[in-house]
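Here is the structure we will look at, set down as structure tokens.
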Amino acid sequence: MRVVAARTRIAGLLTGGLVLATAMLGASGAGAAATGTTPEQRATTPSNAKVTSLWSGVLQPGATKSWHWNNAPTGRVYNVGLSPSGATTTKMCQFEVVKTWYETTHTGEREFYWRIKNVGSLACGATVVLTAVVATTSQDWGPFAPGVDWGFSLPWTTPGTAALLGLTATGAQPSADCRAAFTEHHHFFNASSKELPYFRALHEGTVKCGFSVLVGEVPVVAEVPLGPVTEGEVHKVVWNNANPLTDTHVIGVDSASSDGTYCIYDIGRQYYRQRLNGRVPERELVFTVERVLEHVWPGEGCSATAQLAVVK
């Protein structure tokens, strides 16, 4: 793995700014269920919008907490953002969404689950923001036996957008729901620099189920040129002043090839942190972009751009 050791501040955009940083890269809390919207409320929800927000409570370093949103409409995909709170002059408050998954019950009710973790060294909390995006396309897969891990690619993505995925399922039984989670997300670019996103998902349930992968597109609001990226190189990007605090974020990648190389990237960790800038609290979004080692199409002609899409 090659790591670049430069740090460059990029000019701010909207109410936030980007900082490009390329660098080397306890107890469990009890979960609670978030209440789903009623059909009347869903009918008036905008296409891409905030669904709900809640307070995590104070979590010790390493602790996790989970929630779920029930009666989730089939045509929507969900995204979680975090606004940590409680930073001190010497320590940041840091939280990460460590897992999301979808379940469908035998009655057809669809549920979205998520789990957060205090990934810092300070006991603190976070406001959890759930947003929804209307899916524009879908793909049917299966049915699959429990434990099957399957891969799939999406159609060429619309330029200027980042893909946000969701799942719905059929085949649940009264004693067992259909449950699945996404496990990988590769950004694959051909020699013409067109993107074909590639994903993997895992059937985590205990009965055979069929799944539909739902795709929502989120407009990109900012880009950070990473420059030429060699295989195995990791870039860390920091979005400072990630305001408003009710925004959630989806990360994308754009790429260009100078020598016909097929370029493949992974989005790694994505987490939020609060720091005190003087005495003023500031929310930051941190994520990594890695060029995947590729033995079939090796080459050094890949240049990458990190993209930030926002759901309000």
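Quick check on my filter: what residues within the range 195-219 are within 22 Å of V310 (Cα to Cα), of a type outside the set (A, V, I, L, M) and either at pLDDT 90 or above or out of contact with any Ser or Thr (no Cβ under 8 Å at 6 or more places or on another chain) (or both)? Matches in the range 195-219: G216, E217, P219.
Screening the candidates A163, A123, A180 for the property of being surrounded by 15 or more Cβ atoms within 10 Å (Cβ to Cβ) and over 24 Å from L285 (Cβ atoms) yields one hit, A180.
Only one entry of Q173, Q139 meets the criterion of being over 28 Å from L59 (Cα atoms), surrounded by fewer than 17 Cβ atoms within 10 Å (Cβ to Cβ) and touching a Phe, Trp or Tyr at 6+ places or on another chain (Cβ under 7 Å), and that entry is Q139. Elements of the type strands (runs of 3 or more DSSP E) sitting completely within the range 1-105 and holding at least 3 residues that are modelled with pLDDT of 95 or more: these cover 49-55, 64-69, 76-85, 93-104.
For the range 97-112, the set of residues classified as touching a strand residue (DSSP E or B) at 6+ places or on another chain (Cβ under 8 Å) and surrounded by fewer than 21 Cβ atoms within 10 Å (Cβ to Cβ) consists of V97, V98, K99, T100, W101, T105, H106, E111, listed by residue number. Every listed requirement among (1) closer than 14 Å to C178 by Cα; (2) surrounded by fewer than 19 Cβ atoms within 10 Å (Cβ to Cβ) is met by N71 save one, (1). Among the strands (runs of 3 or more DSSP E) confined to the range 131-250, the ones with at least 1 residues that are within 16 Å of the chain's Cα centre (by Cα) and within 26 Å of N71 (Cα to Cα) are located at 161-170, 178-189, 195-203, 209-228.
Count of the range 251-293 residues, restricted to those that are of a type in the set (V, I, T) and part of a loop (DSSP other than H, G, I, E, B), is 2.
Selection of the range 247-281 for residues being closer than 18 Å to L226 by Cα and among the hydrophobic types (A, V, I, L, M, F, W, C) yields V250, I251, V253, A256, C263, I264, I267.
The values are calculated or read from the model by the stated rules, or taken from the named source; none is laboratory data. Please read these numbers as outputs of a predicted model, since none were measured by experiment. Don't worry about glycine lacking a Cβ; one is built from the backbone with ideal geometry, like all the others, and counts go over all protein chains shown.
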